[in-house]
Amino acid sequence: MTSTHDYEDDPRNASILISVNGELLPREKAVVSVFDSGFILGDGVWEGLRVMNGGVAFLPAHLDRLYEGAKAIDMDVGLTREDLTKRIFDCLAANGMSDGVHIRLMVTRGIKRTPYQDPRVTIGPATVVIIPEYKETRPEVRARGITLFTVHVRRTGPAEQDQKLNSHSKLNCILACIQAAKAGADEALMLDPDGFVATCNSTHFFIVRKGEVWTSTGDYCLGGITRSNVLQVAREAGYTVREKRFSLTDVYSAEEAFVTGTFAGLVPIREIDGRTIGEMPADGEYSGPVTRDLSKRYKALAASSLTRPGA
């Protein structure tokens, strides 16, 4: 079984320095309090960032989403965007990192005086953690593609938990992931409350039908940065792009399918619910022509989007 987040273990990660509230600590000493809001309740927001060629891809968009999420949950990050950006690059510099790196940036509400959900019992500033690791997608993941299983766990609307929040609390996605794994699939395909296709448990979902690129309306999924950039390059390349409601019947007869995410970019899908997607490729490469083209265009856009130190 594979996943879009599978990566080759890198021995350099054993000696990385992790930023915890601005203090650089070795991996084994990088800890937070048992009274931290994130540990107790999953109360916080986070971002995954890709480092390549000395810069961070799409950093302004990631920071927009982080600060918008913090505002939505009435949490003060405690740092300006400029200060947080500097802290990210200080962490990378301390580790001598400039390429092939994935960062997990996490902000929680901070320390509580007692284990209770009310934000008013928080007694300290936000906890800001930056974990940079050398991570590259396994080549066989892109070559073989992944398999999906449609789970019964649904994506909720804003009245339950707004999917636009990239919150630490991801239990619905975890339950979906568990169900897919139990079914022998790599990842979960999740539906909206009405049974239309929404997204995957940790990535965004696309299909190609008659040369058109389809994805969900986005009403029941995170405002994906890779998703939006893939939509952008697809439109610029002249593809007909549809953000619409569609069903599993549309999915099973698609010519191609792929998922998108910050870590792996575009990853092809070879099978959904036991149905092979598209034609079995003669060369064993599951990416169809549209997926391959969009992947190349997305990589070029990412390379042009880099924010570098001091910018």
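No lab work stands behind these numbers, since they all come straight from the coordinates. Keep in mind that this is a model prediction, so the values were computed, not measured. Ideal geometry is used to build each Cβ from the backbone, glycine not excepted, and the neighbour counts take in all protein chains shown.
Key figures
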| read-out | value |
| --- | --- |
| Degrees separating the helix 289-304 axis from the principal Cα axis of the chain, which is the longest one | 30 degrees |
| Net length gained if the chain between Asp118 and Lys210 were fully extended (0.36 nm per residue, minus Cα distance) | 28.0 nm |
| Computed [θ] at 222 nm, deg cm²/dmol, the chain (DSSP H ≥ 4; -39,500 (n - 2.57); rounded to nearest 500) | -8000 deg cm²/dmol |
| Per-residue Cβ neighbour rank within 10 angstrom, fewest leading, Lys86, Lys135 | Lys86, Lys135 |
| Cut-off under 5 Å, modelled amide H: who pairs with Leu189 long-range | Phe149, Thr150, Val151 |
| Amide N proximity, the stretch 52-73 versus Asp162 label position 7 Å along Cα-to-Cβ, cut-off under 13 Å | 65-73 |
| Footprinting exposure proxy for Val34, Val121 (fewest neighbouring C-beta atoms within 10 Å first) | Val34, Val121 |
| In Hz, Karplus ³J(HN,Hα) per residue of the stretch 217-233 (6.51, -1.76, 1.60; θ = phi - 60°; x = Gly, Pro) | 4, x, 5, 10, 8, 4, x, x, 6, 5, 3, 5, 6, 5, 4, 4, 5 |
| Residue exposure sequence - Ser287, Ser228, Ser167, Ser37 - by fewest surrounding Cβ within 10 Å | Ser228, Ser167, Ser287, Ser37 |
| Computed label-point distance, nm, for sites Leu175 and Val34 using a 7 Å Cα→Cβ extension | 2.8 nm |
| Net charge of Cβ neighbours under 12 Å - reference Arg154; Lys, Arg +1; Asp, Glu -1 | -2 |
| 0 to 90° range, to nearest 10: angle between helix 81-95 axis and the chain longest Cα axis | 90 degrees |
| Placed amide H near Val101: partners under 5 Å, 5+ positions off or other chain | Val51, Lys135 |
| The stretch 68-79 - phi-based ³J(HN,Hα) in whole Hz, Karplus 6.51/-1.76/1.60, Gly and Pro as x | 5, x, 5, 5, 5, 9, 6, 10, 8, 4, x, 9 |
| Most fluctuating residue given options Phe149, Phe35, Phe205, as computed from a GNM of the chain linking Cα atoms under 10 Å | Phe35 |
| Where labels lie 7 Å past Cα in the beta-carbon direction, separation of Ala303 and Asp76 in nm | 4.4 nm |
| Local electrostatic count at Asp194 - Lys and Arg +1, Asp and Glu -1, tallied over other residues with Cβ under 12 Å | +1 |
| Virtual spin-label span in nm between His152 and Glu8, 7 Å along Cα→Cβ | 4.2 nm |
| Listed pairs Lys210/Lys244; Lys71/Lys164; Lys164/Lys210; Lys164/Lys244 exceeding 19 Å between Cα atoms | Lys164/Lys210 |
| Centre separation in Å (Cα based) which lies between the stretch 60-107 and the stretch 20-49 | 13 Å |
| The stretch 11-134 - percent relative contact order, Cα under 8 Å, separation 6 or more | 36 percent |
| DSSP bridge orientation in the stretch 139-304 - percent antiparallel, rounded to nearest 5 | 65 percent |
| Under Karplus coefficients 6.51, -1.76 and 1.60, residue-wise ³J(HN,Hα) of the stretch 255-264 in Hz, glycine/proline x | 7, 8, 8, 8, 10, 10, x, 4, 5, 9 |
| DSSP beta bridges in the chain [antiparallel fraction, %, rounded to 5] | 85 percent |
